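Read-outs: derived from the displayed coordinates by stated rules, not from any lab. Since this is a predicted model, take the numbers as computed values, not measurements. Please note: Cβ atoms are built from the backbone with ideal geometry, for glycine as well, and neighbour counts cover all protein chains shown.
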Amino acid sequence: MIWLRGALFTGALAFLVLTFVNASWLVTAPPGRPRLIANGGIAQDYQPGGRAAPCPARAILPPLHAILEDTARAVFTARRMGADYVAIDVVRTADNHLALYPDADLGCRTEATGAVSQMTMAQLARLDAGHGYSADGGKTFPLRGNGRGLIPSLDEILAANPMGRFIYRFPGNDVAAVPLLIETLARNGHDAKALGEGFVGNAALVSAVNKALPGVWTIDPAKGRACASDYRWKGWTSLVPATCQGATMIAALDNAFTLWGWPNRVQQRIEGVGGHVLAVASDGTGDSLGTGLRHARELPQVPAAFHGTVLIDNFWTVAPALRPDMDARTNAEAVAAQERDDNTP
């Protein structure tokens with residue numbers, strides 16, 4: 001019996017030590033507030049999983065507004081509504097410009113077919129970016145004609161909003177687009193590192209960005225998910241896994257409580273090894289950042305002490321719940337968004 005009491009005492013002591021070592025409340029809540037990433041700027045509201053569909057434009061809910069992601073209006077409206085960052089997609093054109101467009105191929109969203117990289121910027125600018133959007137499987141196209149001439153170049157966006165902060169993504173993980181992006185930023189006097197901007201891609205693309213812009217914020221989603229997974233297994237020791245060194249942890253809010261010391265201790269540890277913490281609604285797979293918040297009702301999952309970044313897919317609906325003083329919607333638009341938010345999964 002003596003050995004049993006000893007084992008129980010040792011176990012209880014170990015439990016207490018682990019509890020204190022990983023207690024979030026023992027770490028002073030960091031100053032500031034969460035930084036909001038508007039995914040695509042102001043985008044259409046997609047069906048659950050719609051952004052990852054083979055043709056996302058055919059997976060939207062009935063439009064509550066006519067704004068299309070990755071357009072100038074989408075970027076500037078998101079900024080006006082309180083976005084700290086706008087996640088934009090940059091694609092090479094045939095004449096060595098970078099166009100803002102969500103896909104590497106034109107067939108889903110426009111009336112054209114083929115790769116974006118096979119068209120000049122002038123040709124892209126004549127297309128209808130809203131041509132393919134449908135909320136009923138292709139029976140009707142409520143945004144057709146509304147996107148004519150709205151595919152912008154990155155030069156246009158940077159010239160109009162030089163102090164805007166962006167998260168750059170590269171559809172198809174096109175490494176050849178990286179030097180073009182560096183040139184475009186330099187040409188516009190846009191200092192990505194000083195602005196704290198991020199670059200998203202697979203390992204090869206992130207490596208190319210790191211080589212061109214040492215010390216800039218890069219996000220490899222696969223590495224970010226591996227960091228979170230390894231931390232769940234090893235974080236109880238207070239040691240930070242090697243996969244988290246300089247990485248952006250992808251923290252899915254639906255199970256973030258399984259991260260040892262969430263949120264304060266996690267943020268302290270990850271930032272202590274040069275990393276970042278990105279909160280998402282669900283963590284996704286492959287090279288995707290995951291699913292951002294789609295509903296205002298998901299906001300209570302973001303801890304009050306969290307000061308990392310939060311990916312928001314439906315900025316039109318979610319942002320005003322956090323930043324009501326920056327709501328750019330009309331009263332009718334706000335009511336329609338609230339009704340949608342209350343009644344859709």
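Starting from the Cα gyration tensor of segment 228-277, take the square roots of the eigenvalues, sort them a ≥ b ≥ c, and report rounded, prolate or oblate (rounded when a/c is under 1.5, otherwise prolate if a/b is larger than b/c, else oblate).
Taking the square roots of the gyration eigenvalues as a ≥ b ≥ c, segment 228-277 is rounded.
Kindly state, to the nearest 0.05, the FRET efficiency for Asp342 paired with Ser229, given R0 = 25 Å and r defined as their beta-carbon distance.
0.15
Identify all lysines with a Cα-Cα distance to Lys223 below 24 Å; exclude those on the same chain that are fewer than 8 residues away in sequence.
Qualifying lysines at Cα under 24 Å: Lys193, Lys211, Lys234.
Short version: what are the Cα gyration tensor semi-axes of segment 48-127, square root of 5 times each eigenvalue, largest first, in whole Å?
After diagonalising the Cα gyration tensor, the semi-axes are 22, 17, 11 Å.
Pull up the DSSP beta bridges for segment 29-150 and report the antiparallel fraction as a percent, rounded to 5.
65
Taking 1 over the mean of 1/r across every pair of different Cα atoms in segment 91-136, what Kirkwood radius in Å do you get?
Taking every pair of different Cα atoms in segment 91-136, averaging 1/r and inverting gives 10.6 Å.
Quote the Stokes-Einstein diffusion coefficient, in whole µm² s⁻¹, for segment 125-168, based on the Kirkwood radius over alpha carbon pairs, a temperature of 4 °C and a viscosity of 1.567 mPa s.
The estimated diffusion coefficient comes to 106 µm²/s.
Modelling each spin label as a point 7 Å along the Cα-to-Cβ direction, I'd like the Ser282/Arg297 distance in nm, to one decimal.
1.6
Could you list the chymotrypsin sites (Phe, Trp or Tyr not before Pro) in segment 166-252 that lie in coil according to DSSP, counting only those with at most 11 other Cβ atoms within 10 Å of their Cβ?
Of the chymotrypsin sites (Phe, Trp or Tyr not before Pro), not one in the loops of segment 166-252 has a Cβ with at most 11 other Cβ atoms within 10 Å.
Using a Förster distance of 25 angstrom, determine the FRET efficiency expected from the C-beta separation of Ala305 and Ser207, and round it to 0.05.
The computed FRET efficiency comes out at 0.15.
Counting only DSSP beta bridges with both residues in the chain, what percent are antiparallel, rounded to the nearest 5?
Just about 25 percent of them are antiparallel.
Give me the net charge of Ala135's neighbourhood, meaning all other residues with Cβ under 13 Å from the Cβ of Ala135; Lys, Arg count +1, Asp, Glu -1.
+2
Which whole-number percent gives the relative contact order of the chain, counting Cα pairs below 8 Å spaced six or more residues apart?
18
For every other residue with a beta carbon closer than 13 angstrom to the beta carbon of Arg126, add +1 if it is Lys or Arg and -1 if Asp or Glu, then tell me the sum.
Residues near Arg126 contribute -1 overall.
Relative to the first principal axis of the alpha-carbon coordinates of the chain, what is the inclination of helix 203-212, with its axis defined by its Cα atoms, in degrees from 0 to 90 and to the nearest 10?
On a 0 to 90 degree scale, this one is about 80.
Tell me the angle of helix 331-343 to the major Cα principal axis of the chain, expressed in degrees between 0 and 90 and rounded to the nearest ten.
Taking Cα atoms only, the helix is inclined about 50 degrees.
Hey, quick one: spin label on Gln47, modelled 7 Å out along Cα-Cβ, who in segment 270-288 has an amide N within reach, i.e. under 20 Å?
Backbone N within reach: 282, 284-285.
Can you give the angle from 0 to 90° between the axis of helix 2-21 and the longest principal axis of the chain, with both taken from C-alpha atoms, to the nearest 10?
Rounded to the nearest ten degrees, it is 40.
If we restrict to alpha carbons, what Rg and Dmax does the chain come to, in Å?
21.7, 84
Share of antiparallel DSSP beta bridges in segment 99-254, in percent to the nearest 5?
On the way: 3 of 9 bridges.
Counting only bridges with both partners in segment 99-254, antiparallel ones make up about 35 percent.
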